[in-house]
1. In nm, give the distance between the simple-model label positions of W104 and Q45, each being 7 Å from the Cα along the Cα-to-Cβ direction.
2. Using alpha-carbon positions, what is the distance between the centroids of the range 98-124 and the range 1-54, in Å?
3. Ordered by packing density, taken as the mean number of other Cβ atoms within 10 Å over each peptide's residues, highest first, how do 17-29, 65-77 rank?
4. Be a star and scan the range 73-89 for residues whose amide nitrogen sits under 18 Å from the point 7 Å along the Cα-to-Cβ vector of E62.
5. 222 nm [θ] for the chain, helices only, -39500 (n - 2.57) per DSSP H run of 4+, per residue, to 500?
6. For S97, what accessible surface area do you get with a 1.4 Å probe? Give it in Å², rounded to 10.
7. Using a 1.4 Å probe, what is the accessible area per residue for the range 1-64, in Å²?
8. Where Lys and Arg each count +1 and Asp and Glu each count -1, what net charge lies around R25 among other residues with Cβ under 10 Å from its Cβ?
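The values are calculated or read from the model by the stated rules, or taken from the named source; none is laboratory data. Quick caveat, the model's predicted, so the values are computed rather than measured. Here the Cβ positions follow ideal geometry from the backbone for every residue, glycine too, while neighbour counts run over all protein chains shown. Side chains included, ligands, DNA and RNA excluded: accessible areas come from the protein's heavy atoms. Shrake-Rupley method; radii C 1.70, N 1.55, O 1.52, S 1.80 Å.
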Amino acid sequence: MDGQLIDTVAWVRIEGGRILCARPRGKDVFYIPGGKREGVETDLQTLVREIEEELTVALLPETVAHVGTYEATHAPELVVRMSCYTADYRGTLAASSEIEEMAWFSYADRALVPPVDQLLFDDLVDAGRLR
């Protein structure tokens, strides 16, 4: 690959056939919650840290399960890889200071998320998990 790779980890939280998405402050696009690893963090360490920072809940590491890893071109020379995991959590979901807004999206909202997130939406609807 000649371009830049952005390696991210995301939390797939589905309730009632809808997936949790978040819009960071200063951005106009919703994303699957998560983010980029810092240093030599593992996927699990990144996931737990990012979700606590963004949504103020503690993921339960023993419940984490890999859903899939997706790659999509977001711009010329820029590819985003997103490793997706489900997990149970402790606490109350709330937008942190980093997050402007949380929303529960159905498949009809697919166009509101970036290309790599759309690949996850496609798989989830095919599996009957997303309305």
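1. 3.4 nm
2. One Cα centre to the other: 12 Å.
3. Order by mean packing, descending: 17-29, 65-77.
4. Flagged as within label range: 86-89.
5. Result for the chain: -6000 deg cm²/dmol, rounded to the nearest 500.
6. Around 90 Å² of this residue is reachable by solvent.
7. That works out to 50 Å² for each residue.
8. Net of charged neighbours comes to -1.
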